[in-house]
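Here the structure comes first, spelled out in structure tokens, and everything after it is commentary.
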Amino acid sequence: MTLKHLETQLALTLTGIPTAAGLEDRVVAFLEGWFFARSQRVQVIQDDGGNIMVTQRGAPTQQPPLLITAHLDHPAFVVRRHLHTRTLELEFRGGVHHAYFIGAKIQVIDSEDQPHGATILSLDAKAKPHKRVKARLTGNAPSIAPGDIARWLLPTPRIAKGLLHTHACDDLAAVAAALIAFDRILRIPNATHVGLLFTRAEEIGFVGAIHAARNGFIPSDARLICLENSRSFPHDSPIGAGAILRVGDRLSVFDPALTNTLADLFTNAQKKDTAFTFQRKLMAGGACEATAFAAHGFQSTCFCLPLGNYHNMVNIDGVLAGKAKARVGCEIISIHDLESLIRMIEIAATGLRDAVYWQGNCMKLMDRLHRNGRALLKPARTAR
């Protein structure tokens with residue numbers, strides 16, 4: 001499978017949109033245009049926290065829905081106030097190590113989508129609920145107001161040598177994959193049970209996902225596949241080796257029946273199509289919304305893209321070890337991995353409906369092992 005030009009452009013555009021926890025409006029506006037173009041096929045609802053659910057018109061109510069989920073935010077700054085004409089106080093919503101802040105260049109985006117350059121002067125890492133910075137603007141910018149988003153100053157998103165370099169793969173590349181896959185799923189008659197769930201404020205503690213799990217927004221029998229971007233480790237979860245069926249995170253392991261059934265589906269698909277690749281990994285470096293949903297009783301698991309420059313941090317290990325100077329950079333994913341993720345979603349959408357769940361296949365294996373070896377079993381002799 002190769003991404004079409006319009007699909008590639010969708011990924012480039014989405015991952016370049018400014019967003020922050022609680023301020024995902026620009027991404028939502030993009031999604032609304034996408035939904036409107038398909039309004040005859042889909043219906044869209046929001047809960048009181050701004051989480052968005054997309055279902056297919058005429059979807060069977062008797063069949064448990066399969067929801068492909070992704071979050072709409074990325075670590076970013078939010079303007080708190082003007083301290084002086086050209087000095088701002090901002091808070092940072094998300095997880096980035098302290099070393100990356102002071103001296104870094106950022107881009108403040110006003111309500112008219114005009115960017116304004118600034119440099120971080122100081123960091124208050126102990127501020128609650130979010131760390132705060134002071135930043136010096138490169139020029140006067142009276143149009144900047146509290147609530148405006150700022151992000152690291154980075155090059156324009158681009159694709160080079162099969163890699164997407166952009167502002168926010170996490171999690172907007174996953175949002176792009178969900179849209180592309182869903183567009184294809186809409187054409188499949190037996191996949192009408194599949195929908196999308198987009199959540200808010202993941203980067204500050206799964207706030208949108210928890211809200212949706214508690215307020216009845218998600219059907220109680222739904223199965224959830226959470227799409228993520230997770231830090232790549234070259235010798236364990238390399239970029240370019242396929243998207244990852246994530247079996248757990250640093251907080252939990254995901255639903256074994258759902259996860260193992262998907263592993264069976266992907267392994268069988270790989271036998272038929274050697275161009276399709278995927279990885280199966282724990283990815284314990286961070287936590288995922290699948291844990292939040294599982295904690296609330298939902299059957300959930302995760303697919304993720306192996307990510308370079310996680311949260312825009314270049315050479316994290318070298319910086320933490322004191323061997324490299326901290327600098328920010330574009331997040332990086334492989335286009336091949338993005339294609340793999342889209343294919344995994346399609347396989348799940350069509351395969352889970354009629355799949356023999358993992359316990360059934362595994363029990364056949366257990367029966368065979370027991371049958372072949374049970375003659376060796378006998379009561380142990382009592383030592384005298």
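None of the figures in this text is laboratory data; all of them are computed from the coordinates on show. Quick caveat, the model's predicted, so the values are computed rather than measured. Neighbour counts are summed over all protein chains in view; Cβ atoms, including those assigned to glycine, are modelled from backbone coordinates with ideal geometry.
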Inset, instruction - Give, in nm to one decimal, the length gained when the segment between residue 63 and residue 38 is fully stretched (0.36 nm per residue of separation minus the Cα-Cα distance). - result: 6.7 nm
Legend entry - Inter-label distance for residue 380 and residue 350, nm, one decimal - labels placed 7 Å from Cα along Cα-to-Cβ: 5.2
Legend entry - Length-normalised contact order for the chain - Cα pairs under 8 Å, 6+ apart - percent: 20
Legend entry - DSSP-defined beta bridges in the chain - what % are antiparallel, rounded to 5: 70
Inset, instruction - Treat every Asp and Glu Cβ in the chain as -1 and every Lys and Arg Cβ as +1, leave all other atoms uncharged, and give the resulting dipole magnitude about the Cα centre to the nearest 20 debye. - result: 1400
Legend entry - Residue-averaged [θ]222 nm for the chain, counting only DSSP H segments that reach four residues, each worth -39500 (n - 2.57): -9000 deg cm²/dmol
Legend entry - Label-to-label distance, nm, for residues given as residue 365 and residue 28 (7 Å Cα→Cβ offset): 4.5
Legend entry - region 298-352 and region 27-61: distance between their alpha carbon centers, rounded to Å: 26
Legend entry - Relative contact order (percent, whole number), region 231-384, Cα cutoff 8 Å, 6+ residue spacing: 30
Inset, instruction - Mind ranking 195-208, 237-250 by how tightly packed they are, going by the mean number of other C-beta atoms within 10 angstrom, highest first? - result: 195-208, 237-250
Inset, instruction - Pull out the extension gain between residue 315 and residue 126, defined as 0.36 nm times the separation in residues minus the alpha carbon to alpha carbon distance; nm, one decimal. - result: 65.6 nm
Inset, instruction - Highest first, please rank the peptides 141-152, 332-343, 252-263 by the mean number of other Cβ atoms sitting within 10 Å of their residues. - result: 332-343, 252-263, 141-152
Legend entry - Using a Förster distance of 56 Å, the FRET efficiency for residue 271-residue 136 (Cβ separation, nearest 0.05): 0.45
Inset, instruction - Rank-order 172-185, 4-17 by packing density, defined as the average count of other C-beta atoms within 10 Å over each peptide's residues, highest first. - result: 172-185, 4-17
Legend entry - nm² value of the averaged projected area, convex hull over the Cα atoms of region 1-152: 12.4
Inset, instruction - Take the alpha-carbon positions of region 201-312, form their convex hull, and give its projected area averaged over all directions (one quarter of the hull surface) in nm². - result: 7.4
Inset, instruction - Sticking with the crude label model, points 7 Å out along Cα→Cβ, report the distance from residue 190 to residue 372 in nm, one decimal please. - result: 3.1
Legend entry - Where the Cα pairs of the chain fall when distances are cut into 20 Å bins, in %: 27, 54, 16, 3, 0
Inset, instruction - Work out the P(r) tail for region 234-384: percent of alpha carbon pairs separated by more than 26 Å, whole number. - result: 42
Legend entry - Cα gyration tensor shape for region 70-179, rounded if a/c is under 1.5, else prolate or oblate: prolate
